[in-house]
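A quick write-up on the structure given underneath.
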Amino acid sequence: MRYLVSIFSVFALFLSTTFAAAPADDDIQFLKDGVSFSLPADWTIISDEPVDDDGHYFSVEHNTDDATGVITVTWLNIHIEPDVVIDSHKKNMRAAQIYQQPGIEFTAIEPVTFAGRKAYRSKYATLVNGSKMEGEIICLNCEGKTISFFVQSGLDDKKATDAAFLQLEQTFGCREE
């Protein structure tokens, strides 16, 4: 139960983060606790912090005019079934004020492959401030961690967001520390 509370805390943190600077002249390189990946330089880190001793929370947004793309990577240092984690994210999103009008629609959770690993995914669509947003939640288990990927974008920014998320997937690594 404590880990579900941690999941809820991580998502609440996503909804209330503050801005921090990211390198502007080179790709963002991430490596912590055996988790690694890179993202394009035109993205800005908005959060990069531990979740107590239970895991980590990392979030970036696309750093261009009128950009809507956001990518978040979180993990807990325990094995939890991915469908349980995705259902928890979905419950939190349904309760979040930003998604209340007109609501949010999710697809069924389905098995997928992410970075060559067995994972699970649910896609969604919603309106945020009158703009149509699409996204997905992907979750997998790796080296004793339960890792979630959250990606969301408006339709005008979707191509850049998809390219950044593909870079993250192609460079993603997870190893035991």
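What the table below lists for this structure:
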{"item": "Which of F149, N129, A164, positive extreme of dipole for segment 126-177 (C-beta unit charges)", "result": "N129"}
{"item": "Rough spin-label spacing in nm, given labels placed 7 Å along Cα→Cβ, for D65 and Q101", "result": "2.9 nm"}
{"item": "Simple Cβ-charge dipole of the chain, Lys/Arg +1 and Asp/Glu -1, about Cα centre, in debye nearest 20", "result": "660 debye"}
{"item": "Per-residue SASA entry for C142, accessible area with 1.4 Å probe, Å² rounded to 10", "result": "10 Å²"}
{"item": "Surface/4 of the Cα convex hull for segment 24-108, nm²", "result": "7.3 nm²"}
{"item": "Charge sum, other residues only, whose C-beta stays under 13 Å from T72's C-beta, Lys/Arg counted +1 and Asp/Glu -1", "result": "-4"}
{"item": "The chain, Cα convex hull volume normalised per residue, Å³", "result": "109 Å³"}
{"item": "Lysine pair number, Cα distance threshold 17 Å (strictly under), the chain, separation 8 or more or different chains", "result": "9"}
{"item": "Gyration tensor (Cα) of segment 54-151, equivalent ellipsoid semi-axes in angstrom", "result": "24, 16, 13"}
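The values are calculated or read from the model by the stated rules, or taken from the named source; none is laboratory data. All values reported here derive from a predicted model rather than from experimental measurement. Cβ atoms come from the backbone with ideal geometry, glycine included; neighbour counts cover every protein chain shown. Just so you know, the surface numbers come from the protein's heavy atoms only, side chains and all, with ligands and any DNA or RNA stripped out. Shrake-Rupley method; radii C 1.70, N 1.55, O 1.52, S 1.80 Å.
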